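Participant: Here's a structure for you.
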Amino acid sequence: MCGICFSLRWGDADNEQFEDLSRKLQVANAARGPDAQGLHKAYVKPAVDPSSHLVLEFYASELRLRGEGAVVQPHEKDDDVLCWNGEIFDGMDISPEENDGARLFEQLRRLDTPGQIRDLFASIEGPYAFVYYQASSQRLFFARDPLGRRSLLIHKPSPASPYFLLASVSAGADPRYEFDELSTEHIYCLDIHRITRADELILEIPAMARRASSTDPSKPFAEPSKVNPSMPSPEESPSVTALDQKRHAPCAEHTPSIGRKGHARLAVLFSGGIDSTVITFLAHRYIPLDEPIDLLNVAFENPRKVKMQAEGNLGGVSKKQRKARERAAKRTDEATCTSYDVPDRVTGLQEVEELRRLCPERIWNFVEINVPYEESQSARPTIESLMWPARTVMDMSLALALYFASQGAGQVRNSPGAEPISYASTARVLLNGLGSDELLGGYGRHRTAYNTGGWQSVIEELQLEIDRIPTRNLGRDDRVISSHGKETRHPFLSLVVLDFLARLPVNQKMDPRSEVGLGDKMLLRLAARKLGLVEASQRKKRAMQFGSHSARMDGERRGDMLLE
Ligand SMILES: NC(=O)CC[C@H](N)C(=O)O
């Protein structure tokens, strides 16, 4: 993942305090791009007040994943500057030798008007955040992709902190800034030369709608599609065949060409649930067979759970899970079964066996990432800083799981039950199954909606899910995962897949009248069966923080409470 850090301030402002802050932010953003870091400064004299000047600082770090040559960011030519954190998967032909950021910069430099720039972004698909400075017009453009798959934080000037900042990640809580996540609803465009001392506090950032006309088919990626509002008609049958044809795995297709054979270039955040298993199986079809794929499976030593286990209370574990747990325990060593035998470990171990049966030619590295309590506690301040401005108890339990899973340091076994060998995943691209519950009706709340308001309520709930994806967790997840110099990709959240699923009549996606593990995400379950993933197709939904035991380590604090 690349890191972006941009600042704008008056040249005669107190520089010492600012420089310290700027350095701190640059260090935080350097971790996202270990391959190269660069800084470019520009000075602008505002038209109305030529006696003073504004300083623009563009800092970017590069995690190079595409193209053959070295890439140093920011991209820069004739005073035009681009900081790019993203991937272009669709809408622009990019050959394997080319770098997408470099190509995008070339294209941007050919454009003149804000409308043209907006239209270019409306025609490309992929996760991104960018800052682009057009020197000829002295305009600054910045935005995130319409689903917010990459983070960009904004600090607007205030009397106490009279500078403007944009950054992929902050340096944690600091009285010198007030960062918010940048909204994904617009492409922003700031006329730098028009800034005056009087509006030193740029409170309103001029924003363009993401598309000029809602009917222009050449701009398919301006916004996420709307959920099909039509009420179900009983004769419709599930669209499994169509879904199978649509399965579009751009995320795996564009794995970095850098790296050695024999080393995994791709890893999956793998719980053994249906979402992570389906994307793993599809990725397998795109990755050369002689390359291993790393399945990252995280488990936390959770003193509360360990205590409950010792006291005989298995914390709501069903009979079936208990049986599975006993089976898994036979295969694992003593230490693992007391502390790390969490629900996601059990299903992960079961599922990797199904994958091995279906795809025996592949080396599947099932990476057991075991996090001792002490270690998770001492990482908390780092994680709290990375996820800022997200700061609830639930943010922390999810971020903990993602932080350690994506770090990829754990152990593998040559065969089930064999002695563990320590292993560090070097894959720079991590697939993440997030999004399928939102698009296909996988949450309990979709069933509740049906029970209270019928199909109409389910349709409304599914629309709400799409509307709030950008603000829910993607920015936070990106900030946490990228701190290891890796990037996460969400195959379910490709705008192409989203468009296909959103348009399907609701009853082809789910059936809230059928039981849990069947009616929720019904279409995906059918697709999984069709692929041969019979065991995965039946697994019930389990939230990552409970499956890995990263939640509620010390007590029962409500998830929406702020961290102390
Ligand atoms: N890390 C990133 O955001 C990657 C940027 C760009 N796609 C590259 O490969 O260089």
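Participant: Within region 30-69, how many residues turn out to be more than 11 Å from the ligand (Cβ to nearest atom), closer than 26 Å to residue 139 by Cα, open to solvent by less than 70 Å² (accessible area, probe 1.4 Å) and not acidic (Asp, Glu)?
Facilitator: Selection size over region 30-69: 13.
Participant: Moving on to the next point. Across region 70-90, which residue is nearest to the chain's Cα centre (by Cα) among those that are away from the ligand (no atom under 14 Å from the Cβ) and open to solvent by 10 Å² or more (accessible area, probe 1.4 Å)? Can you show your working first?
Facilitator: Initially, region 70-90 is screened for residues away from the ligand (no atom under 14 Å from the Cβ), giving 76-81.
Adding the requirement that they be open to solvent by 10 Å² or more (accessible area, probe 1.4 Å) leaves 76-80.
Working: 76: 27, 77: 30, 78: 33, 79: 32, 80: 29 Å.
In this case the residue turns out to be 76.
Participant: Here is a further query. For region 372-395, give me each residue that is crowded, with 20+ Cβ neighbours inside 10 Å and farther than 13 Å from residue 553 by Cα.
Facilitator: Listed by number, the residues that qualify are 383, 386, 387, 388, 390, 395.
Participant: On to the next question. So which residues in region 485-511 are open to solvent by 10 Å² or more (accessible area, probe 1.4 Å), in a loop (DSSP other than H, G, I, E, B) and under 19 Å from residue 452 (Cβ atoms), if there are any at all?
Facilitator: 511
Participant: On to the next question. What about residue 108, is it within 24 Å of residue 477 (Cβ to Cβ), without any contact (Cβ under 8 Å) to a residue 40 or more places away in the chain and within 16 Å of the ligand (Cβ to nearest atom)? First the steps, then the outcome.
Facilitator: Working: within 24 Å of residue 477 (Cβ to Cβ): no; without any contact (Cβ under 8 Å) to a residue 40 or more places away in the chain: yes; within 16 Å of the ligand (Cβ to nearest atom): yes.
The answer is no for residue 108.
Participant: Of the residues that sit in region 116-164 and are under 28 Å from the mean Cα position of the chain (by Cα) and among the small types (Gly, Ala, Ser), which one is farthest from the ligand (Cβ to nearest atom)?
Facilitator: 122
Participant: Would you confirm, using the coordinates I've provided, whether residue 554 is surrounded by 19 or more Cβ atoms within 10 Å (Cβ to Cβ) and either closer than 30 Å to residue 392 by Cα or not polar (S, T, N, Q) (or both)?
Facilitator: Numbers: surrounded by 19 or more Cβ atoms within 10 Å (Cβ to Cβ): no; either closer than 30 Å to residue 392 by Cα or not polar (S, T, N, Q) (or both): yes.
In short, no.
Participant: Might you let me know whether region 74-96 holds any residue that is in contact with a strand residue (DSSP E or B) (Cβ under 6 Å, 6 or more places away or on another chain) and over 25 Å from residue 169 (Cα atoms)?
Facilitator: yes
Participant: Going by the conditions given, is residue 418 in the same structural domain as residue 264 (by TED's automatic domain parsing), of a type in the set (A, V, I, L, M, F, W, C) and at pLDDT below 95? Working first, answer last.
Facilitator: Details: in the same structural domain as residue 264 (by TED's automatic domain parsing): yes; of a type in the set (A, V, I, L, M, F, W, C): yes; at pLDDT below 95: yes.
Judged against the criteria, residue 418 is a match.
Participant: Starting from region 483-496, keep only residues that are over 24 Å from residue 527 (Cα atoms), then list their pairs with residues that are in a loop (DSSP other than H, G, I, E, B) whose Cβ atoms are within a distance under 6 Å, requiring at least 6 positions of separation or different chains.
Facilitator: 483/31; 485/63; 486/428; 487/1
The values are calculated or read from the model by the stated rules, or taken from the named source; none is laboratory data. Worth saying up front: this structure is predicted, and the values here are computed from it rather than measured. When we count neighbours, we look across all protein chains shown, and the Cβ atoms used for this are built from the backbone with ideal geometry, even at glycine. Side chains are part of the model used for accessible areas, which takes the heavy atoms of the whole protein and leaves out ligands, DNA and RNA. Shrake-Rupley method; radii C 1.70, N 1.55, O 1.52, S 1.80 Å.
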